[in-house]
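Here is the structure we will look at, set down as structure tokens.
The values are calculated or read from the model by the stated rules, or taken from the named source; none is laboratory data. The structure presented is a predicted model; accordingly, all values stated were derived computationally and were not measured. Note: ideal-geometry Cβ built from the backbone for every residue, glycine included; neighbour counts use all protein chains shown. We work out accessible area using only protein heavy atoms, side chains counted, and drop any ligands, DNA or RNA first. Shrake-Rupley method; radii C 1.70, N 1.55, O 1.52, S 1.80 Å.
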2 protein chains.
Amino acid sequence: MTEIAREDYRDAMARLGAAVSIVTTDGPAGRAGFTASAVCSVTDDSPTLLVCMNRASSAYVSVTGNNVVCVNVLSAQQEPLSRLFGGKVPARERFAAAVWSTLETGAPVLAGCAVAFDCQIANVTTVGTHDVLFCRVVALQTGPTENLIYLGRAYHSVRARHS
Amino acid sequence: MTEIAREDYRDAMARLGAAVSIVTTDGPAGRAGFTASAVCSVTDDSPTLLVCMNRASSAYVSVTGNNVVCVNVLSAQQEPLSRLFGGKVPARERFAAAVWSTLETGAPVLAGCAVAFDCQIANVTTVGTHDVLFCRVVALQTGPTENLIYLGRAYHSVRARHS
């Protein structure tokens, strides 16, 4: 079969809307965090989600060294944090821009996010440039019911009709 | 660490908005399709996405037997198709409700969807009740720039500001 061009693939993927999360970690391998839109549920038995992570990410060594992450799903007003954690500024400056706590694993939990999934990494599968992290959810925090959605290379706000 | 309750996990996952897709297949193992929201990009080198699929799905035998899928990302007006392919009606009735074509693999491509990713399944990883299908994208079709987004157990429409 033919192989499609990477640019055509990226343009097509821009048409698949997704919630925006900040994935954080902390522990012996250091505190780090990055913006991710490739996050989804895998199974509720046992509760497991996945995160796709570029192995070239500045957070990669910390995430895989600590083996824990918190997936903080952003609420609509947290667009500036999405840009900050998707950019080039150092981890210290990123984390200084928001209020954080912890749940079970010690990974930073973002105040005011739509929902936070505190996780232990159970398995990792490598696919090309990326690692797929399979994460067992060990604690939860919920917040506002609206989401920051990225579609068409722009941010949108979507509010749940029922909380 | 403690294990969280499945119901608490599902309630938390309802706060993570996602685009809605109909994942289809056709070939020697039969034509089938199901509604999925656990779809995301893995890497653009080579272009690969993933789909999480319950092994109890009525489409499971056909999908794994044919080893090809088309991920049809729904546009806002295709909410009735999402309900139909997420329900209990037989495949024949599901497919009769829309217009389909094919690209490279022979998997059904939905007319009027936001974007269709025609794929060969390259690898499968089993996690609990689900299989994670790693799918190499071999052809694309694009349509309207708005998405049907599922958040808070309800459907929403999100329109890209630029096409």
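Taking both sides together, the accessible area buried where A meets B is about 5500 Å² for a 1.4 Å probe. Each copy carries A:Thr2; placing its label point 7 Å along the C-beta direction from Cα gives inter-copy distances of 5.5 nm, listed from smallest up.
Ignoring any ligand, DNA or RNA, what whole percent of the accessible area of chain A comes from carbon and sulfur when the probe is 1.4 angstrom? The computed percentage sits at 46.
So what's the net charge close to B:Phe85: Lys and Arg +1, Asp and Glu -1, counting the other residues with Cβ under 14 Å from its Cβ? It would help to have the intermediate numbers written out before the result.
Details: positive: B:Arg31, B:Arg83, B:Lys88, B:Arg92, B:Arg94; negative: B:Glu79, B:Glu93.
It works out to a net charge of +3.
Taken residue by residue and averaged, Cβ atoms of other chains lying within 10 Å of the Cβ of B:73-81 number 1.
Which peptide among A:78-89, B:111-122, B:86-97, A:14-25 comes first, and what is the full order, when sorted by highest mean count of other Cβ atoms within 10 Å? Walk me through the intermediate numbers first.
Working: A:78-89: 16.6, B:111-122: 22.3, B:86-97: 12.9, A:14-25: 26.1.
The peptides rank, most packed first, as A:14-25, B:111-122, A:78-89, B:86-97.
When the helix-only estimate is applied to chain A (DSSP H runs of n ≥ 4, each -39,500 (n - 2.57), divided by the residue count), what is the mean residue ellipticity at 222 nm, nearest 500 deg cm²/dmol? Walk me through the numbers on the way to the answer.
On the way: 4 runs with 28 residues, N = 163.
Mean residue ellipticity at 222 nm (helix-derived): -4500 deg cm²/dmol.
Can you tell me the accessible area per residue over the stretch A:1-118, all protein chains present, probe 1.4 angstrom, in square angstrom? Working shown, then result.
Numbers: 4650 Å² over 118 residues.
On a per-residue basis, 39 Å².
Separation of the stretch B:2-66 and the stretch A:38-104 by C-alpha centroid, Å? Comparing the Cα centres of the stretch B:2-66 and the stretch A:38-104, I get a distance of 22 Å. Over chain A, Cα pairs under 8 Å with separation of 6+ residues give a relative contact order of 27 percent.
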